[in-house]
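Engineer: Sending over a structure as structure tokens; questions will come in a sec.
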Amino acid sequence: MTDTTTKPKKKKKWFKRPTQSDKPKEQPVEKNASTVAADISTATTSKVSPAKKKKRPAKAQPVPVPEPGGEKIKIIPLGGLKEIGKNLTLVEYKNEILIIDCGLSFPDDEMLGIDIVIPDMTYLVKNQEKIRGVVITHGHEDHIGAIPYLLKQINVPIYGPRLALGLLEVKFKEHRLNNVRMQRIKGDETFQLGVFKIEPIRTTHSIPDAFAIAVHTDIGTILHTGDFKIDYTPVDGQVMDLHKFADLGEKGVLLMLADSTNVERPGATISEQNVRKSLENAFMNCKSRIIVATFSSNIHRLQIIINTAQKFNRKVVINGRSMLNVFAVASELGVMNVPEGLVIDLRDMDEYRDDQLVLLTTGSQGEPMAALSRMSSGEHRKLDIQAGDLVIFSASPIPGNEKTVSRVINQLFEKGANVIYDSLAEVHTSGHACQEELKLMHNLVRPKYFIPVHGEYRHLKQHANLAMSLGMPEENVFTMQNGQVLELDQIEGKITGKVQAGPILVDGLGVGDVGSIVLRDRKHLAEDGLMVVVVTMDRSEAKVVAGPDIISRGFVYVRESEDLMEEARIVVQKSLDQMEQRGVKEWAQLKNGIRDGLKDFLYHKTQRRPMILPIIMEV
């Protein structure tokens, strides 16, 4: 291809940075981190009016202009769109594939009995020879949780931050995966994976070692922000590398994929330091035992709780398997600073007064089997809630968990505990960017194309609207679905097809063996119960030898409904007599006749439709 690129003329930037002469004189005021974020974003977007959108001039890209019909980059999200969790995105170029994240999600209320949900990896299995590796943005479950299931099908190298790799090692032991190829990524090092040059960029999130991933190709740069917020005073002192995002923006970014979780929230996310102050106030005024429930993966919060417990001379008891695993990994890697002797065993609690103890536990989402839920219901074997205990929910309910969290809070109050949660004090902050932080990211990066990711459909739509309000052309914003294929280059971008994608349900050791039909049956059983009809028949003559006997499970209590059960038995007997008169001898027809006759009778009597299971025994 002939390189026809000429040095572009210097174009006027699409936004104007206010000069000193533009600013009105005013008295200096003290600003916090949130105000600074809002001010920076307001300054960089001062020429944009949401009421009248302005088209942003195309930014000169320092790459050759591709020929029409030439090689294009494909972006294929297999998870993370129209949902929270299950993040998995593919970048495909020149017959090579890069995987960014591979996470899980948790089942909703309709998925009865399901443990976790992972992305459909059929496309990856079919194209495994093209895969160059998996690059991880950070160590949360919705970004790494499905990797063991991927490695059971495909042997690929894993590239990720130190903490994420440490957490994965624990998972690999549980799944009995050996000799996994892993390599640590750092914020000041780039590396090559086939045709992709990978540049990790440090961000701030609720977990240490969080990165955005810039993927450089000869067509252009793809930027995936990962999960992020802009915290100017992070717990670990590792400030987000905003200047690298600005540098990428100056050089030119072809496509940005950005976190959409908090796009509906105005302003900026509060700093973890605000949470520290609230927790210190709670500890200062408490003379009883303190129980703190939070996400086990929120390591910055765990560190704040450790520091606060030390400040007020309290010992820390860790309760919950996932919490113990995270503490072990984070402490071993030096990501968390836990003073020697501060953490004690659960069995040693009796040696200390209540005002010398802090219990750090799982169960902030009201999970039935989590430690706090069992304590609130009196089902925990070693711990119970005492009158006067202070329980702090240092987490906000995930959408869909509000009822279970509310139930646990009510149970705690009934047991005499004092409860502090997000609506009463600043004991939690999100790890995701709000509107002003997202505006700042867009203004720094200024991509040609944009895909909102990591959110339900309303989040993706609102983030798309936010990008367009900042001047991005509507045709360059793609609100996609899992499995859709976006092809793009410097000339155009368009959705060209779809690959197989969707949820794969994991139930115990079974992966994908539970589908919509099984879930439908489980829902039917949960809502209406089961009636089992047992009949013994002579195979040769198709005559009833014994029965029918009827067993009820989850439909009615038999001892209190003997008349109904007797009437049901008579109905089944009449159905069998009628089929015998018609000469019906096929087992399938006999079962259908029993089911149809009993179904109509039970609905007429109870207005309910239990699952009916006829069993015919041969003699």
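The values are calculated or read from the model by the stated rules, or taken from the named source; none is laboratory data. Here the structure is a predicted model, which is why all the values come from computation and not from measurement. Here Cβ is always computed from backbone atoms with ideal geometry, including for glycine, and neighbour counts include all displayed protein chains. Keep in mind that these areas ignore ligands, DNA and RNA; they rest on the heavy atoms of the full protein, side chains included. Shrake-Rupley method; radii C 1.70, N 1.55, O 1.52, S 1.80 Å.
Engineer: Return the residue satisfying two criteria in turn: it lies in the stretch 74-86 and is under 22 Å from GLU129 (Cα atoms) and not basic (Lys, Arg), and of such residues it is surrounded by the most Cβ atoms within 10 Å (Cβ to Cβ).
Structural biologist: Per the criteria, the residue is GLY79.
Engineer: Can you give me the number of residues within the stretch 96-133 that are open to solvent by 20 Å² or more (accessible area, probe 1.4 Å), under 22 Å from GLU83 (Cα atoms) and not hydroxyl-bearing (Ser, Thr, Tyr)?
Structural biologist: Residues flagged as open to solvent by 20 Å² or more (accessible area, probe 1.4 Å), under 22 Å from GLU83 (Cα atoms) and not hydroxyl-bearing (Ser, Thr, Tyr) within the stretch 96-133 amount to 10.
Engineer: I want to confirm something. Restricting to the stretch 545-575 and keeping residues that are outside any helix (DSSP H, G or I) and surrounded by fewer than 17 Cβ atoms within 10 Å (Cβ to Cβ), which single residue is farthest from the chain's Cα centre (by Cα)?
Structural biologist: The extreme case among them is VAL545.
Engineer: Are there helices (runs of 4 or more DSSP H) fully within the stretch 82-176 with at least 3 residues that are more than 22 Å from ILE201 (Cα to Cα) and in the same structural domain as ASP489 (by TED's automatic domain parsing)? List them.
Structural biologist: Once the helices (runs of 4 or more DSSP H) in the stretch 82-176 are filtered for at least 3 residues that are more than 22 Å from ILE201 (Cα to Cα) and in the same structural domain as ASP489 (by TED's automatic domain parsing), what remains is 122-126, 147-151, 162-174.
Engineer: Now for a different question. For the condition in a loop (DSSP other than H, G, I, E, B) and not polar (S, T, N, Q), what is the one hit in ASP384, ASP350, ASP355?
Structural biologist: Among ASP384, ASP350, ASP355, only ASP384 is in a loop (DSSP other than H, G, I, E, B) and not polar (S, T, N, Q).
Engineer: Determine whether PRO447 is over 19 Å from the mean Cα position of the chain (by Cα) and touching a residue at least 40 places away in the same chain (Cβ under 8 Å).
Structural biologist: Yes; evaluated as a whole, the condition is true for this residue.
Engineer: I'd like the full set of residues that are more than 19 Å from ASP115 (Cα to Cα) and either among the aliphatic types (A, V, I, L, M) or within 22 Å of the chain's Cα centre (by Cα) (or both), limited to the stretch 345-371.
Structural biologist: Result: LEU346, MET349, LEU357, VAL358, LEU359, LEU360, THR361.
Engineer: Does SER377 satisfy being touching a Pro at 6+ places or on another chain (Cβ under 9 Å) and farther than 16 Å from SER296 by Cβ?
Structural biologist: Answer is yes for this residue.
Engineer: Please work out if PHE196 is in the same structural domain as ASP247 (by TED's automatic domain parsing), among the aromatic types (Phe, Trp, Tyr) and over 28 Å from LYS74 (Cβ atoms).
Structural biologist: no
Engineer: OK, next. Considering only the stretch 492-521, state which residues are outside any strand (DSSP E or B), modelled with pLDDT of 90 or more and among the β-branched types (Val, Ile, Thr).
Structural biologist: VAL499
Engineer: A follow-up question, please. Report, by residue number, each residue of the stretch 388-414 that is free of Cβ contacts under 8 Å to residues at least 60 places away in the same chain and open to solvent by 70 Å² or more (accessible area, probe 1.4 Å).
Structural biologist: Matches in the stretch 388-414: GLU402, LYS403, ARG407, ASN410, PHE413, GLU414.
Engineer: Another question, then. Go through the residues of the stretch 576-599 one by one and say whether even a single one is surrounded by 15 or more Cβ atoms within 10 Å (Cβ to Cβ), in contact (Cβ under 8 Å) with a residue 40 or more places away in the chain, over 51 Å from the mean Cα position of the chain (by Cα) and not in a loop (DSSP other than H, G, I, E, B).
Structural biologist: Yes, the stretch 576-599 contains a residue that is surrounded by 15 or more Cβ atoms within 10 Å (Cβ to Cβ), in contact (Cβ under 8 Å) with a residue 40 or more places away in the chain, over 51 Å from the mean Cα position of the chain (by Cα) and not in a loop (DSSP other than H, G, I, E, B).
Engineer: Tell me which residues, restricted to the stretch 262-288, are open to solvent by less than 10 Å² (accessible area, probe 1.4 Å), farther than 26 Å from VAL329 by Cα and either in a helix (DSSP H, G or I) or charged (D, E, K, R) (or both).
Structural biologist: PHE283
Engineer: Please go through the stretch 227-239 and pick out each residue that is assigned to a loop (DSSP other than H, G, I, E, B) and touching an Asp or Glu at 6+ places or on another chain (Cβ under 7 Å).
Structural biologist: ASP227, PHE228, ILE230, ASP231, PRO234, VAL235
Engineer: Turning to a different aspect of this structure: Quick check on the stretch 292-315. Is at least one of its residues part of a strand (DSSP E or B), under 25 Å from the mean Cα position of the chain (by Cα), crowded, with 18+ Cβ neighbours inside 10 Å and not basic (Lys, Arg)?
Structural biologist: yes
Engineer: Can I ask one more? Would you confirm, using the coordinates I've provided, whether VAL180 is in contact with a Leu (Cβ under 7 Å, 6 or more places away or on another chain) and either of a type in the set (S, T, N, Q) or part of a loop (DSSP other than H, G, I, E, B) (or both)?
Structural biologist: The answer is yes for VAL180.
Engineer: So, ILE504, is that one aliphatic (A, V, I, L, M), under 23 Å from LEU124 (Cβ atoms) and buried (at least 19 other Cβ atoms within 10 Å of the Cβ) or not?
Structural biologist: yes
Engineer: Exactly one of these conditions fails for HIS224: (1) touching a residue at least 60 places away in the same chain (Cβ under 8 Å); (2) surrounded by fewer than 23 Cβ atoms within 10 Å (Cβ to Cβ). Give me its number.
Structural biologist: Among (1) touching a residue at least 60 places away in the same chain (Cβ under 8 Å); (2) surrounded by fewer than 23 Cβ atoms within 10 Å (Cβ to Cβ), the lone unmet condition for HIS224 is (2).
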